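What follows draws every value from the coordinates through simple rules; no lab data is involved. Everything quoted here is computed from the prediction, not taken from an experiment. Cβ sites come from the backbone with ideal geometry, for glycine too, and all protein chains shown count toward neighbours.
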Amino acid sequence: MPVLQSPLLAALPWLTHGFGVRSSENWIPAYTNLKQIHSSKVIVADGRRGNLEEGDALITSEAGNWIGIRTADCVPILIADPEYRVAAAIHAGWRGTVASIVTYVVERMTQEFRSNPGRLLVAIGPAIGPCCFEVGPEVAQQFHSSARTIDLATANSQRLIDAGVASGHIEVMRLCTFCNGPGQFHSFRRDKEQSGRMVSAICIGFGDKKSAGGEPAL
Ligand SMILES: [Zn+2]
C-alpha cells in the first residue's frame, strides 16, 4: 500500500511527502531522523544527514534532504512553507503536545527561515483519536481538561492556530491508529511491545517534482 498524502502538501510541485502506514514500512530508503524522546526539542537538519541527536522535530530548507519521524499512536505532523521552501517533520505524543512542540517549530521557522506563520501549510497524519485515547486525571489535567479522553490532533491544531497558522491551512486526517484495525496502522497502545513504527517524511525537491532527485518508490 502506498503512503498517505495530504492534498494540501501534494499540491506543492517542489515538495514530496508521505505518512507511512503499516504496510509501507520501507517506503523511504533513507532519511534524516532523530532519537525521539517526547520532548519539545527542534533540530535544524540543513547540511546534516542520517541519525542525529535527541529531539522530536526536524526542519530543513535543503533540497534532497529527506527528514522523517516515526510514530505508532503519537501524532505525525508535516509542515511546508511555500514562500521560502522550508519543510518540517514533527513527532508529537501527549508529552510533546503538552510541551507545545509545534509552537517551537513555528518559532524556529520564523526566526531562522523568515517563514510567515500565516503562510504555512500543515498536515496532521494518522494518530490515536479521541475515540480511543483514554487518559488518567494526571494526564487530563495537563491538557486543562476534565474529560477522560484527549484529542491530540485538535490540541496540536489549536497550538498551531495560536502560533499564527491559518485554520484553513491545517489538514487533519482524522484516522485513528488504534481502532482502524490492526491491518492498517501500528498502534503502541494496542500492540504494546509488538508494535512497529510508521515513518512520515517530507523532502524539498531540486526544481519541480518531475526533476527532483531521490524520489522514493511510492
Ligand atoms: Zn479510535
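I need Ile202, Ile28, Ile37 ordered by Cβ neighbour count within 10 Å, fewest first.
Details: Ile202 25, Ile28 22, Ile37 13.
Ascending Cβ contact count within 10 Å gives the list Ile37, Ile28, Ile202.
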Q: Grab the DSSP H runs of the chain that are 4 residues or longer, score each as -39,500 (n - 2.57), total them, divide by all residues and round the 222 nm result to the nearest 500 deg cm²/dmol.
A: -5000 deg cm²/dmol
Q | Local electrostatic count, Val44, Cβ distance below 10 Å [Lys/Arg +1, Asp/Glu -1] | A | -1
Q: Take the alpha-carbon centre of the range 27-79, take the same for the range 105-129, and report the distance between them in whole Å.
A: 14
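Run the dipole for the range 7-211 about the Cα centre, Lys and Arg Cβ at +1, Asp and Glu Cβ at -1, nothing else charged, and hand back the magnitude in debye, nearest 20.
280
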**Q.** Low-density loop cleavage sites - GluC sites (Glu not before Pro) in the range 75-126, where at most 14 other Cβ are within 10 Å (DSSP)
**A.** Glu83
Q: Arrange the following residues from fewest to most other Cβ atoms within 10 Å of their Cβ: Ser6, Ser167.
A: Ser167, Ser6
Q.
Could you tell me the extents of the chain's C-alpha atoms along the three principal axes, largest first, rounded to whole Å?
A. 49, 35, 32
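Report the Rg/Rh value for the range 45-118, based on alpha-carbon coordinates and the Kirkwood definition of Rh.
Value, to two decimals: 0.94.
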Q | Least to most buried among Trp14, Trp66 (fewest other Cβ within 10 Å first) | A | Trp14, Trp66
Q) What net charge do the residues around Phe188 carry, taking every other residue with its C-beta under 12 Å from that of Phe188, with Lys and Arg at +1 and Asp and Glu at -1? A) +2
Q: Hand me the trypsin sites (Lys or Arg not before Pro) from the range 83-153 located in a DSSP loop with no more than 15 other Cβ atoms within 10 Å, in residue order please.
A: Arg114, Arg148
(Q) I'd like the antiparallel share, as a percent to the nearest 5, of DSSP beta bridges with both residues in the chain. (A) 75
Q) If you line up the long axis of helix 101-113 against the longest principal axis of the chain, both from Cα atoms, how many degrees apart are they, to the nearest 10? A) 20
